[in-house]
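The structure appears below as structure tokens.
The values are calculated or read from the model by the stated rules, or taken from the named source; none is laboratory data. As the structure is a prediction and not an experimental result, all values here were calculated from the model. We place every Cβ from the backbone using ideal geometry, glycine too, and count neighbours over all the protein chains shown. Side chains are part of the model used for accessible areas, which takes the heavy atoms of the whole protein and leaves out ligands, DNA and RNA. Shrake-Rupley method; radii C 1.70, N 1.55, O 1.52, S 1.80 Å.
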Amino acid sequence: MADNFTFIIDGTEIPARQGQTILKAADEAGIYIPRLCNKDGLEPYGACRVCTVLVNGRPQSACTQPAQPGIIVENDTEELTEMRKQLIEMLFVEGNHFCMFCEKSGNCELQALGYRLGIAAPRFPFMFPQRELDATHPEVFVDRNRCILCGRCVRASRDQDGKNVFQFTGRGIKKRISVNATSRLADTELKSADKAVAACPVGSILKKGVGYAVPIGERIYDHKPIGSDIESKAK
Amino acid sequence: MSTQATGLKRIAIEPVTRVEGHGKVTLLLDENNKIKQARLHIVEFRGFERFVQGRPYWEAPVLVQRLCGICPVSHHLAAAKAMDMVVGVDKLPPTAEKMRRLMHYGQFFQSHALHFFHLVSPDLLFGFDADPAIRNVIGVAKKFPDLAVQGVMMRKYGQELIRATAGKKIHGTGAIPGGINKNLSIEERDFFLKDLDQMIEWSRGALKIAKDYTAENLERLAGFGSFDSNHTSLVREDGAMDIYHGRLRSIDAEGNRIIDDVDYVNYLDYIAEEVRPWSYMKFPFIKSLGPEKGWYRVGPLARINACDFIDTPEAEAERKEFMALTNGKPNNITMAYHWARMIEELHSIEKIQELLHDRDLQGTDLVAKGDMRGEGVGLIEAPRGTLFHHYKVNKDDQITMANLIVSTTNNNEPMNRAVQKVAEDYLSGNEITEGLLNHIEVAIRAYDPCLSCATHAMGRMPLVVELYDAGDTLVDRKVKE
Ligand code: SF4
Ligand code: FES
């Protein structure tokens, strides 16, 4: 197989390199495929399924699926958008996401995806789960009400910080993000500058005392929808 | 945090029921079919105190606006003031304090304008005995189209000020513990300067309507729903009216000071709340006088009565005229609230003018830092009166206690008295007449209670009035949509 090849996304031919994922190749070509659990610099995880595309007609997660010469990928279609909307809506109702007072508002990837995909109000019933907040650490707090179980903190702590501060416990609806060995964040080696803290796409892991320091109008997604940084690379 | 989930469920449900709720009044008769007692029932939203438990302290100023839609900016600022204390900041950078003040005056300007033009002007322009079919905001728009437009534009001006200082017209984030998150750009400032003169002019006009109406109908209004009372307000250290910050003062009906020059941090030493079995809303009173004699009024009337002067020239001239009516003694006429409110409207726009010309608003030092204290009290004069916020915060930065006394709660006893007075004067026989219903509504409205907040948009106040005889039997019931 050639090292450099091309494939098709939504009718456009784009270049790719051997070993690249579909998502990565699309990014470089300025085509945005929605995603949540994937983050540059972290190993792909394939958990959220928001990046699902059709590869030669079959659903695959673009963040884990390697690009292949000549494949036909569908991304920006009505059906896929509808499916992504449903996934996002389920994430909203499975947690306690109150954007109106959440300090991550305007900087939150989940909220931004909701806006980009045009979600008005979730069509599923809210579940209002009981989730704990861990505020024991002097510089960082975890509000599990807003965790979407993307695992970005787990991978960042393990692979980038070399610490293993976060992992999952429980299964299914009881699955939670937890901290290693003990139940208190204060007893871990976590530092506020750790990559794991910055990795959280939502308002689940936050630096303390920052709050609403950035005014409305100057937050990341106040003016441009999520993905526009990638799309601005399009030739 | 086991209460978390139920707390959360409340937010989703409570405001809806509140919007759909009516103000409810029960009138109790004695053996001679005379009014024994009037009770105004207001469902107060108290879920916040529970819900906020465990949340990080810096969330409170934003959170509280959502749970209490009564006057979000006042709650935002009162909570922020309490959190200034929590983070150990006693003095904000000038830019931060002035931005917050601008936000607050903007809110006053829009809230008072909305109340006056939307809810009150029909009563004043048509007389409150007029047919309700024309005595409403639509009637005003038909007969006085200019006035209706002014109301809308003034409200918008105030809302834009809120947007420029808090980031959003409703539920912004501007005030943060120890300061503010933005300043006012030159472009923003110029946007407001453009229409400023017009706003001042219109405020003068609205004030004139309220003043002339009161003067022309004084004889009748003087007794309408009126009674002697104490008055409570924050006043600036030098005695000036100050709606953003000051010391606690209470005066009696004659103007004698009961509480004066008190640091509001110690409010619990001076103010207590009585619980009555029939009401969800508590009854605050001045401790030294006890619940019987210690209740007081808050809001525009109380503020004008309690202050020594107003520090803007036009409003001060108007205050003097207002006080001259009662020979310098406190004015205890319930219907004078409207006049007082419009003096404050003028004062607010004068303050806005002063602030817009202050270059500190373009400063860049926005937040002060200090050492965490674990407890904070923030008081502010909201459009409807004194608002108390009190929090305790643990060493993990979580709120462990919140206590709020909102403006309408402070006015609870006075509103009940006003209804009682009107009922005594206008009830004849065992029937709730259309006239009585209207008069009760007009008396309650003078206080601009938060129950009318939910109905501002429609410009009406849904009301249920029930009449019980001495044997506790319901003898009449009327609903006013
Ligand atoms: S805490 Fe944040 S980064 Fe970690 S799993 Fe939850 S949402 Fe993802
Ligand atoms: S981004 Fe691909 S599965 Fe989450």
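Under 22 Å between alpha carbons: how many lysine pairs meet that in segment A:105-207, if sequence neighbours fewer than 8 apart on the same chain are excluded?
6
Please compute the length gained on full extension between B:Glu354 and B:Ala130, using 0.36 nm multiplied by the number of residues separating them and subtracting their Cα-Cα distance.
Here the answer is 76.6 nm.
Which of rounded, prolate or oblate describes segment B:210-310 when judged by the alpha-carbon gyration tensor and an a/c cut-off of 1.5? The shape class here is oblate.
Label-to-label distance, B:Gln37 versus A:Leu54, with points set 7 angstrom from Cα along the beta-carbon direction: 7.2 nm. A protection proxy built from the mean count of other Cβ atoms within 10 Å ranks the segments B:337-349, B:117-129, B:284-296, most packed first, as B:337-349, B:117-129, B:284-296.
Once the Cα atoms of helix B:94-113 and of chain B are each reduced to a long axis, what angle between those two axes, in degrees from 0 to 90 to the nearest 10, is obtained? Approximately 20 degrees, to the nearest 10.
Taking the Cα centre of chain B as reference, the dipole from Cβ charges on Lys and Arg (+1) and Asp and Glu (-1) amounts to some 1180 debye.
Cross-link partners of B:Lys395 among aspartates and glutamates, defined as those whose alpha carbon lies under 13 angstrom from its own and excluding same-chain residues fewer than eight positions apart: A:Asp134, A:Glu139, B:Asp371, B:Glu375. Work out the charge dipole of chain B with +1 on the Cβ of Lys and Arg and -1 on the Cβ of Asp and Glu about the Cα centre, then indicate which of B:Ala78, B:Gly139, B:Ser229 is farthest towards its positive end. The one lying farthest along the dipole's positive direction is B:Ala78. Values of log10 I(q)/I(0) for the protein assembly as shown across q = 0.06, 0.07 Å⁻¹ run -0.42, -0.56, by the Debye formula with one identical scatterer at each alpha carbon and no solvent. Applying 1/(1 + (r/R0)^6) with r as the Cβ-Cβ distance of A:Arg17 and A:Arg184 and R0 = 56 angstrom yields a FRET efficiency of 0.80.
Tell me whether segment B:50-410 comes out rounded, prolate or oblate; compute the Cα gyration tensor, take square roots of the eigenvalues as a ≥ b ≥ c, and use a/c under 1.5 as the rounded threshold.
oblate
Relative contact order for segment B:60-188: 33 percent, from Cα pairs under 8 Å spaced at least 6 residues apart, divided by residue count. List the aspartates and glutamates whose Cα sits under 18 Å from the Cα of B:Lys36, skipping any in the same chain fewer than 8 residues away. Answer for B:Lys36, where 18 Å is the Cα cut-off: B:Glu292, B:Glu413, B:Glu424, B:Asp425, B:Glu431, B:Glu466, B:Asp469, B:Asp472, B:Asp476, listed by chain and number. Take each residue in A:160-171, count the other chain C-beta atoms within 10 Å of its C-beta, and the mean is 0. Legend: mean number of C-beta atoms from other chains within 10 angstrom of residue C-beta atoms, peptide A:206-213, equals 6. Scoring B:297-305, B:83-91 by mean Cβ neighbours within 10 Å over their residues and listing the highest first yields B:297-305, B:83-91. Can you tell me how segment B:325-422 classifies by the Cα gyration tensor, rounded, prolate or oblate, using a/c under 1.5 as the rounded cut? Verdict is oblate for segment B:325-422. Note on segment A:105-207: with charges restricted to the Cβ of Lys and Arg (+1) and Asp and Glu (-1), its dipole about the Cα centre is near 420 debye.
For the pair segment A:137-185 / segment A:72-90, the C-alpha centres are spaced 28 Å from each other.
Pairs of alpha-carbon atoms within less than 8 angstrom and 6+ residues apart define the contacts here; what relative contact order does chain B have, in percent?
About 25 percent, as a whole number.
The residues B:Ser233, B:Ser428, sorted by heavy-atom accessible surface at 1.4 Å with ligands and nucleic acids left out, run B:Ser428, B:Ser233 from largest to smallest.
Pairs of Cα atoms nearer than 8 Å and 6+ residues apart set the relative contact order; for segment A:1-126 it is 23 percent. Placing a pseudo-label 7 Å from each Cα along the Cα-to-Cβ vector at A:Lys175 and B:Asp260 gives an inter-label distance of 6.8 nm. Positive-end ranking of A:Pro138, A:Gln160, A:Phe126 along the dipole of segment A:105-207, with charges on Cβ about the Cα centre, is headed by A:Phe126. In a reduced charge model with +1 at each Lys and Arg Cβ and -1 at each Asp and Glu Cβ, segment B:185-238 shows a dipole moment near 200 debye about its Cα centre.
Per-residue shielding of B:389-399, expressed as the average number of other chain Cβ atoms within 10 Å of the residue Cβ, stands at 2.
Computed from Cα positions, the angle between helix B:336-356 and the longest principal axis of chain B comes to roughly 20 degrees.
Of all DSSP beta bridges located in chain A, what percent are antiparallel, nearest 5?
Counting only bridges with both partners in chain A, antiparallel ones make up about 90 percent.
Spacing of the modelled spin labels on A:Asp10 and B:Glu219, each 7 Å from Cα toward Cβ, amounts to 7.8 nm. Taking each of A:Lys39/B:Lys168; B:Lys156/B:Lys282; A:Lys224/B:Lys369; A:Lys104/A:Lys233; B:Lys81/B:Lys293; A:Lys224/B:Lys182 in turn, the alpha-carbon distance tops 23 angstrom for A:Lys39/B:Lys168; B:Lys156/B:Lys282; A:Lys224/B:Lys369; A:Lys104/A:Lys233; B:Lys81/B:Lys293. Note on B:Lys211: aspartates and glutamates with a C-alpha under 12 Å away, same-chain residues under 8 apart excluded, are B:Glu318, B:Glu321.
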